[in-house]
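The values are calculated or read from the model by the stated rules, or taken from the named source; none is laboratory data. Predicted, not measured: the structure shown is a model, and the values here were computed from it. Here the Cβ positions follow ideal geometry from the backbone for every residue, glycine too, while neighbour counts run over all protein chains shown. Remember, those area values only see protein heavy atoms, side chains included, never the ligands or the DNA or RNA. Shrake-Rupley method; radii C 1.70, N 1.55, O 1.52, S 1.80 Å.
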Amino acid sequence: MKFDLFVIGAGSGGVRAARLAAAEGYSVGIAEGSRIGGTCVIRGCVPKKLMVYASEFKETFKDAIGYGWEISKVNFDWNKLRTARDKEVERLETAYRANLQKSGVKIFENFAKCVGPKLLELNDGTVIEAEHILLATGGIPKKPDFEGVDLTISSDEVFELGKLPKEILIYGGGYIACEFASIFKGLGSKVHLVYRGDSLLKGFDSDVRNTLTSEFINKDIQLTLNSTITSVKQENKKLRVDLADGQNFSVDEILCATGRKPNIDHLGLNRIGVQLKNGAISVDEYQKTNIPTISAIGDVTDRLNLTPVAIRDGIAFVNTIFKKNPTKPDHDLVPKAVFSQPEVGTVGITEEEAKKKLKLYKVYKTFFKPMKNQLALRDERVLIKIIVEKETDIVLGAHIVGYGAAELIQIVAITIKMGATKQDFDRTCAVHPTLAEELVTLN
Ligand code: NDP
């Protein structure tokens, strides 16, 4: 069997590259050993966001009382959510498969490995020849090493839980930890979050980190900072967790949200000499590995591990190899969101980075209780912060914590990508009454 392009991994990046190359008239094959759609569709962004939506209702019901609603009884059914969520994921998987087939891509539902610069082998022994190979196998969860770590789950298994845990411990302070702490809290679990640092979301702007950390405390998420797990033991039907600071808890589940690593173990890379860097596939600025016929995109390269980035990596790869238009993926000013409660949206430079990189800069920020929360008797506050280079007046960073932050930051990112100045923000008329109007009235 022979193809112009063979892609390993049918996640967001691999599927986009395969379909685009096929649309150019090239013969394309794709191998997927798990489910078509990859992390984002099957066990990441999509099912997670559906759970986020489900978990937000609890506070909405509470808010409604302040607005005159009488709410007599609310009840959440884990199985109903699970069934509906899984059905939606299956629908998307079917659509991904159909779209690949419609584009003329041949799908191999099997694991594949490289056996030469232009040669692959599937698990069933099929040998495939390809002019170009694209590695798009994404990432997998990474767990630390402590006694009893096998008793914990990762973000892969969290979607398979048969029931809502009464009490859960989340380990880590990054994206997945913050999102699932909020999800389980909203759905009704008692939530402990144990993190080795002193403020959540390392690498984000310090005001964002402090705001989220204090909002988590206000929401009664049991935070233990500056600590680590030393052991987990099964005790009757519970899990006993011991921490380095001497504390211990008995919980029903422990979710390790301690990062992800590139999924490279069974790709045959050693054998054919594909170079790695810190455990990820090393690529040049055009996403080629040291072997000219083999390229890699997305999380397996561990550059910027986000779905829309992997998709754009895939587009850049097809432009470079099949459209004769060498394209470097643009990883600059990528907006990011954390779907915690409250939500976080961020783009560009943080205040800490500004301190290091800029001669003179100005920070504008506001921290306020939005109108909606007044009648709701909700204490939650919103943070809106922008960072401006003093010499040029250009807005180099924006950080939002509060409901709608993810939606808002998408729009703000356009203005920042265009090089908008603070004056541009100021001469834009406010939309009143909104939370977003604060963006154009900062002083
Ligand atoms: P993150 O890198 O965001 O967070 C990992 C957390 O685990 C950090 O708090 C880290 O601590 C901690 N940690 C790492 N190693 C250890 C250890 N040995 N012992 C104790 N704690 C440890 O990874 P996630 O797993 O949350 O998510 C993986 C990636 O997936 C994200 O980086 C992001 O790229 C992507 N993602 C994006 C989402 C989105 O766009 N909304 C949602 C979910 C995932 P420290 O901070 O001290 O390093």
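Calculate the dipole size of segment 210-316 relative to its Cα centre from +1 charges on Lys and Arg beta carbons and -1 charges on Asp and Glu beta carbons; express the result in debye to the nearest 20.
Result for segment 210-316 is approximately 280 debye, rounded to the nearest 20.
From the P(r) of segment 64-121, could you give the percentage of C-alpha pairs in the tail past 18 Å?
Distances greater than 18 Å cover 68 percent of the Cα pairs.
Nearest 20 debye, what's the magnitude of the dipole of the chain about its Cα centre given +1 on Lys and Arg Cβ and -1 on Asp and Glu Cβ?
Charge dipole of the chain: 280 debye, to the nearest 20.
How big is segment 133-270 in terms of Cα radius of gyration and Dmax, in angstroms?
15.8, 51
Based solely on C-alpha atoms, express the radius of gyration and the Dmax of segment 1-46 in angstrom.
Answer for segment 1-46, Rg first and Dmax second: 11.2, 35 Å.
Evaluate E = 1/(1 + (r/R0)^6) for LEU276 and THR60, where r is the Cβ-Cβ distance and R0 equals 60 Å; express this FRET efficiency to the nearest 0.05.
0.80
Name the longest site-free stretch of the chain, where the excluded sites are trypsin sites (Lys or Arg not before Pro) in a DSSP loop with no more than 14 other beta-carbon atoms within 10 Å.
Value returned for the longest uninterrupted segment is 238-322.
For segment 1-95, what is the Kirkwood estimate of the hydrodynamic radius, computed as the reciprocal of the mean inverse distance between distinct Cα atoms, to one decimal in Å? Walk me through the numbers on the way to the answer.
Values: mean 1/r = 0.0617 Å⁻¹.
Radius from the Kirkwood sum: 16.2 Å.
Please flag any cysteine in the chain that has no other cysteine's Cβ under 4.7 angstrom from its own Cβ.
If one checks each Cβ against the other cysteines of the chain, CYS114, CYS178, CYS256, CYS429 turn up with nothing under 4.7 Å.
Taking only protein heavy atoms into account and a 1.4 Å probe, give the accessible area per residue of segment 225-284 in Å².
So segment 225-284 comes to 55 Å² accessible per residue, rounded to a whole number.
What's the Cα-based Rg to Rh of segment 284-443, Rh via Kirkwood? Don't skip to the answer; put the middle values down first.
Numbers: Rg = 18.8 Å, Rh = 17.6 Å.
Reported Rg/Rh (Cα atoms, Kirkwood Rh): 1.07.
How large is the accessible surface per residue of segment 64-189, computed with a 1.4 Å probe and reported in Å² as a whole number?
52 Å²
So for segment 22-178: antiparallel DSSP bridges make up what percent, rounded to the nearest 5?
70 percent
Tell me, what is a quarter of the convex hull surface for the C-alpha atoms of segment 284-365, in nm² with one decimal?
Mean shadow area of the hull around the Cα atoms is 7.8 nm².
Where does the Debye-calculated log10 I(q)/I(0) of segment 158-205 sit at q = 0.15, 0.27, 0.32 Å⁻¹, using only Cα point scatterers of equal weight, no solvent?
Values, matching the q order: -0.39, -1.02, -1.26.
Could you give the spread of the C-alpha atoms of segment 198-268 along their three principal axes, from largest to smallest, in whole angstroms?
Taking the Cα atoms of segment 198-268, the three principal extents are 42, 41, 20 Å.
Carbon-plus-sulfur fraction of the accessible area of the chain, 1.4 Å probe, in percent?
50 percent
Hey, what's the Cα Rg ratio for segment 20-61 versus the globular rule of thumb, 2.2 N^0.38 Å?
My calculation over the Cα atoms of segment 20-61 gives 1.89.
Note down the nm distance, to one decimal, between modelled labels 7 Å out along Cα→Cβ at GLU129 and at THR366.
Here the modelled spin labels are 6.6 nm apart.
Given a cut-off of 27 Å, name the pairs among LYS143/LYS277; LYS113/LYS277; LYS219/LYS355; LYS328/LYS362; LYS142/LYS417; LYS238/LYS261 whose C-alpha atoms lie farther apart than that in the structure shown.
Checking Cα-Cα distances, LYS219/LYS355; LYS328/LYS362; LYS142/LYS417; LYS238/LYS261 exceed 27 Å.
Remind me, relative contact order of the chain in percent, using alpha carbon pairs under 8 angstrom and six or more residues apart? Mind showing how you got there, number by number?
Details: 915 pairs, mean separation 69.0, N = 443.
Relative contact order comes out at 16 percent.
How long is the gain from SER227 to LYS102 if the chain were fully straight, where each residue apart is worth 0.36 nm and the alpha carbon distance is subtracted?
39.9 nm
Mean Kyte-Doolittle of at least -0.5 plus a Cα span of 15 Å or more along the axis: flag which DSSP H helices in the chain meet both, please.
12-23, 45-66, 175-187, 206-218, 307-322, 405-417
Given q = 0.07, 0.08, 0.14 Å⁻¹, what are the Debye log10 I(q)/I(0) values for the chain, with equal point scatterers placed on the Cα positions and solvent ignored?
One equal scatterer on each Cα of the chain leads to -0.40, -0.53, -1.36.
What spacing in nm lies between the two simple spin-label points modelled at CYS45 and VAL149, each 7 Å away from Cα in the Cβ direction?
2.9 nm
In segment 2-99, what chymotrypsin sites (Phe, Trp or Tyr not before Pro) fall in a loop by DSSP, with at most 16 other Cβ atoms inside 10 Å?
Hits after loop and neighbour filter: TYR67, TRP69, PHE76.
Multiplying the sequence separation of ASP424 and ALA84 by 0.36 nm and subtracting their Cα-Cα distance, what value in nm do you get?
Result for the pair: 118.0 nm of gain on full extension.
For segment 103-208, what Kirkwood radius comes out of the mean inverse Cα-Cα distance, in Å?
Mean inverse Cα-Cα distance, inverted, gives 17.8 Å.
Using only Cα positions of segment 255-329, each an equal point scatterer, no hydration layer, compute I(q)/I(0) via Debye at q = 0.14, 0.22 Å⁻¹ and quote the log10 values to two decimals.
Normalising to I(0) and taking log10 leaves -0.46, -1.00.
Need one number: the % of Cα-Cα pairs in segment 269-309 sitting beyond the 13 Å mark.
Considering segment 269-309, 49 percent of its Cα-Cα pairs are separated by more than 13 Å.
Work out, in µm²/s and without decimals, the Stokes-Einstein translational diffusion coefficient of segment 55-159 at 25 °C, 0.890 mPa s, Rh from Kirkwood over C-alpha pairs.
Translational diffusion coefficient: 127 µm²/s.
At 7 Å along the Cα-to-beta-carbon direction for both ASP265 and VAL115, put a label point, then send me their distance in nm to one decimal.
Rounded to a tenth, the inter-label distance reads 2.2 nm.
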